[in-house]
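The values are calculated or read from the model by the stated rules, or taken from the named source; none is laboratory data. A quick note: this is a predicted structure, and the numbers were derived from the prediction, not measured. Positions of Cβ are backbone-derived with ideal geometry, glycine not excepted, and every protein chain shown enters the neighbour counts.
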């Protein structure tokens, strides 16, 4: 029987990336050098730039809150154009409903975009926005650049769909993820291309939706590489992700990380189990921990991915309380499934957090679990052929393994306070996490945008501010890593 842990998700609001072969040795060396140079040139040209797009028309709009292109309940297509957007907006109208975005689709529209350039330089000026159930944007072979704060590349909310392939996106403003979603989420599929963010609070992907990215280069130079909020997902297939989180968007956490999974309690994401999956590819983390899970239940699936932490002081996983949720019940509750996977580094699970770690299909853990002593409950299970080599003393709650699975490597492993003897078969119990939710703040349906009256424009709010909070309080500040 599994050990059960009830996790209460809810409570108060947290204030808140040629030639022919020759037999001679000298000729072979020369050819190799030439091939190397050709490969370099090919790599340099691999991702589109604005110069690669043939532009036959330039379309512009500088009006505050306005669009350059809008598709409302219709089917439309554009190609070989340049779209330029300036003008300002603020708050929910832009983030939830697409106000001031350069290109906007809504009310079940289907919008096809191919070989276009999009440049925006206003605040809250997202480049391409899909809003609402039944709305689909298909964009390919295009280049997007945004420079204002709160201005993402691709934006999806309210249940919309975004399909993208072979794009180059570069955002430089704060809170400007290259691939964004917000209230009400949706479905986002990205294949190929390059996606780079430079701003504070600007991960490459910020997900309050179901987002899949495949065969892409992803780079963040200031924020996390990936952020998943609430009952939503990110799946990476054969991507190259470089994350250098070296700035913060709030003071709610002391740590830096490549992948952050959490629940802010802002109402932007439904409460429940979050998920992150990485199938093949590489993840390189420059600063801090690789994974951080806080105030939510999360499943992390790793399948033959190369994960490199360049920070010698960083951990592979940190499941811990931070500044979101109710103190004492706002830890991270993680199930990590590793298949054909090498894990290097420490896993830290604090006293209000839990971890079920499953090492499968010849996976290897080279590291420690809670080396400073017992804290949160941790279950480790190794199938036949998977191994754990300790790099420091470790403290866990329960263990399932064969006799030859654990290499103590001169260290001690404690299971529920008892020292494990190397070469011993162990049979333990996993931790069952039961999710209990209080619903969204202020009675707002979890993760859903307020209805637009009569299907029209978003409700008016004084000075573009978010709705007043119950009891006259103030809305939460944008969370760490927010988009």
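Here are the numbers for the structure shown:
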read-out	value
Yes/no for residue 283 being over 22 Å from residue 156 (Cβ atoms), under 15 Å from the mean Cα position of the chain (by Cα) and in a strand (DSSP E or B)	yes
Failed criterion for residue 352 (all others in (1) in contact with a strand residue (DSSP E or B) (Cβ under 9 Å, 6 or more places away or on another chain); (2) farther than 21 Å from residue 273 by Cα hold)	(2)
Qualifying residue in the range 385-393 (condition: on the phi < 0 side of the Ramachandran plot, buried (at least 20 other Cβ atoms within 10 Å of the Cβ) and not in a loop (DSSP other than H, G, I, E, B))	yes
Strands (runs of 3 or more DSSP E) lying entirely in the range 310-366 (those with 1 or more residues that are crowded, with 24+ Cβ neighbours inside 10 Å)	317-319, 332-339, 347-349, 354-360
The range 42-53 residues that are part of a helix (DSSP H, G or I), paired with ones that are modelled with pLDDT under 95 and surrounded by 10 or more Cβ atoms within 10 Å (Cβ to Cβ) (beta carbon under 9 Å, 6 or more apart)	52/45
Whichever residue in the range 126-136 is under 21 Å from the mean Cα position of the chain (by Cα) and part of a loop (DSSP other than H, G, I, E, B) and, among such residues, is surrounded by the fewest Cβ atoms within 10 Å (Cβ to Cβ)	127
From the options 427, 374, residue that is more than 28 Å from the chain's Cα centre (by Cα), modelled with pLDDT under 95 and on the phi < 0 side of the Ramachandran plot	374
Qualifying residue in the range 79-101 (condition: over 26 Å from residue 198 (Cβ atoms) and in contact with a helix residue (DSSP H, G or I) (Cβ under 8 Å, 6 or more places away or on another chain))	no
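Residues checked against (1) in contact with a strand residue (DSSP E or B) (Cβ under 6 Å, 6 or more places away or on another chain); (2) crowded, with 19+ Cβ neighbours inside 10 Å; (3) assigned to a strand (DSSP E or B); (4) modelled with pLDDT under 95:
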residue	(1), (2), (3), (4)
39	no, no, no, yes
63	no, no, no, no
83	yes, yes, yes, no
99	no, yes, no, no
108	no, no, no, no
